[in-house]
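The structure appears below as structure tokens.
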Amino acid sequence: QKMLDILITAVAILICVAFLMIIWVYSSILKPLEKLQEATRKIKEGNLDFTLDFEEHDEIGQLCMDFEEMRIRLKENEEEKLQTDKDNKELISNISHDLKTPITAIKGYVEGIMDGVASSPEKLDKYIKTIYNKANDMDRLIDELTFYTKIDANKVPYNFNKVNITDFFSDCVEELGLDMESRNIEFTFENNVPRD
């Protein structure tokens with residue numbers, strides 16, 4: 001009888017230990033693996049808007065932490081790519097818009113020549129020079145567009161140059177003045193900036 005009691009007690013202890021081991025294996029290994037599997041499925045479907053929660057600080061916990069860091073990095077890369085695509089589209093849109101300005105000016109000056117607005121040789125020379133300058137502006141914009149489409153927006157090298165502001169505005173005024181004149185609009189420009 002005594003031997004039977006010991007055997008029953010030993011079996012009961014073994015069953016309790018086995019039950020506790022099953023609970024430990026489930027909570028510390030199987031449950032985190034289920035979370036990892038679910039997280040992997042979400043990433044496979046393109047969903048990066050979730051957080052992988054983990055409480056363990058063992059090897060499985062380290063694996064979950066590494067997986068969460070990978071998800072964050074993937075999400076950041078995705079957001080960067082979307083921003084770069086948006087920037088590129090905006091850049092192309094801006095350059096396309098900028099191309100319309102010289103095209104409109106060229107058309108206006110050509111129409112002015114055809115309609116006889118450029119009546120004197122000096123005025124005709126000014127119109128032709130302006131058309132030439134506008135064509136050069138278009139050429140430069142097209143070069144920029146080609147340049148920007150070949151490289152990432154974040155790697156654009158900028159070259160800054162000092163310009164004489166009086167000369168810069170004088171050129172702008174000359175082109176704009178001719179355009180206004182061809183439309184019978186009076187245009188005046190006053191410059192109070194010193195020559196240097």
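The values are calculated or read from the model by the stated rules, or taken from the named source; none is laboratory data. This one's a predicted model, so the numbers in the text were calculated from it and none came from an experiment. Note that we place each Cβ from the backbone using ideal geometry, even for glycine, and neighbour counts take in every protein chain shown. Only protein heavy atoms, including side chains, enter the accessible area calculation; ligands, DNA and RNA are left aside. Shrake-Rupley method; radii C 1.70, N 1.55, O 1.52, S 1.80 Å.
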Query raised in the report: GNM on the chain, C-alpha springs below 10 Å: top fluctuator among Asn161, Asn136, Asn88?
Result: Asn161
Query raised in the report: What accessible area per residue, rounded to a whole number of Å², is obtained for the chain using a probe radius of 1.4 Å?
Result: 79
**Report entry** Selected from Ser170, Tyr109, Ile22, residue furthest toward positive end of dipole (the chain; charges at beta carbon)
**Finding:** Ile22
**Report entry** Exposed trypsin sites (Lys or Arg not before Pro) absent: longest stretch of the chain, with sites in DSSP loops and at most 13 other Cβ within 10 Å deemed exposed
**Finding:** 1-161
Report summary line: Rounded to the nearest 10 Å², the 1.4 Å probe accessible area of Asp49 is 110
Query raised in the report: Where does the Debye-calculated log10 I(q)/I(0) of the chain sit at q = 0.14 Å⁻¹, using only Cα point scatterers of equal weight, no solvent?
Result: -0.98
Requested in this report: Can you tell me the relative contact order of the chain? Whole percent, Cα pairs under 8 Å, sequence separation 6 or more.
Outcome: 16
Report task. Taking just the C-alpha trace of segment 56-96, give me its Rg and Dmax in Å. Result -> 17.5, 57
Report task. For n ≥ 4 DSSP H runs only, could you compute -39500 (n - 2.57) per run for the chain, divide by its residues and tell me the 222 nm figure to the nearest 500? Result -> -26000 deg cm²/dmol
Query raised in the report: In a shell of Cβ-Cβ distance under 14 Å around Asn133, excluding Asn133 itself, what net charge do Lys and Arg (+1) and Asp and Glu (-1) give?
Result: -4
Requested in this report: Run the dipole for the chain about the Cα centre, Lys and Arg Cβ at +1, Asp and Glu Cβ at -1, nothing else charged, and hand back the magnitude in debye, nearest 20.
Outcome: 540
Report summary line: In the chain the accessible area split gives carbon plus sulfur, as whole percent at 1.4 Å, a share of 59
Query raised in the report: Given the pairs Lys35/Lys86; Lys35/Lys75; Lys100/Lys129; Lys44/Lys75, which span a C-alpha to C-alpha distance of over 23 angstrom in this model?
Result: Lys35/Lys86
Query raised in the report: By how many degrees, between 0 and 90 and to the nearest 10, does the Cα long axis of helix 2-25 differ from the longest principal axis of the chain?
Result: 0
Report task. State the extension gain, in nm to one decimal, for the chain segment bounded by Ile113 and Leu30, taking 0.36 nm per residue of separation less the distance between their alpha-carbons. Result -> 21.6 nm
